[in-house]
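The values are calculated or read from the model by the stated rules, or taken from the named source; none is laboratory data. For clarity, every value in this text was computed on a predicted model and none was experimentally measured. With ideal geometry, Cβ positions are generated from the backbone for all residues, glycine too; neighbour counts draw on all protein chains shown.
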């Protein structure tokens, strides 16, 4: 019976350890002048590398462990979303009426990468937001 208690805890620790990381998978369309469509593709790649292991491929999260990004009311505050990626967080947050109490490490992404991944999240997964620019991220970073 003890083994059945250890396996889920170990799985959660492995997932948590895999969150974040450094994306070195290529150019960023916000720096190269590529189209918004290319930016979304780059954002998707960054998402898969840095976010999906916790928030899941479709952004659904893991109930009571990692909050959803899909159809997420937490994203209404763009500055908070940008800050979350830059600084990480620990402690309670409320997303779609559900309380989560976990840690998200700061992500090692530059302003253009944060803009690309947030643009992907804001324009996919049932969200209806608009593109985030590297300049917007830079301004938030400067205010922290």
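To keep it simple, each residue is scored yes or no on (1) modelled with pLDDT of 50 or more; (2) at positive phi.
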residue: 11; (1), (2): no, no
residue: 34; (1), (2): no, no
residue: 38; (1), (2): yes, no
residue: 45; (1), (2): yes, no
residue: 57; (1), (2): yes, no
residue: 64; (1), (2): yes, yes
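Residues in segment 134-144 that are in contact (Cβ under 8 Å) with a residue 60 or more places away in the chain and surrounded by 17 or more Cβ atoms within 10 Å (Cβ to Cβ): 134, 140. The criterion of at least 1 residues that are over 22 Å from residue 142 (Cα atoms) and in contact (Cβ under 8 Å) with a residue 24 or more places away in the chain is met, among helices (runs of 4 or more DSSP H) falling completely within segment 44-123, by 52-55, 111-122. Flag: residue 81 does not match the condition of being buried (at least 16 other Cβ atoms within 10 Å of the Cβ), under 17 Å from residue 135 (Cα atoms), modelled with pLDDT of 55 or more and more than 11 Å from the chain's Cα centre (by Cα).
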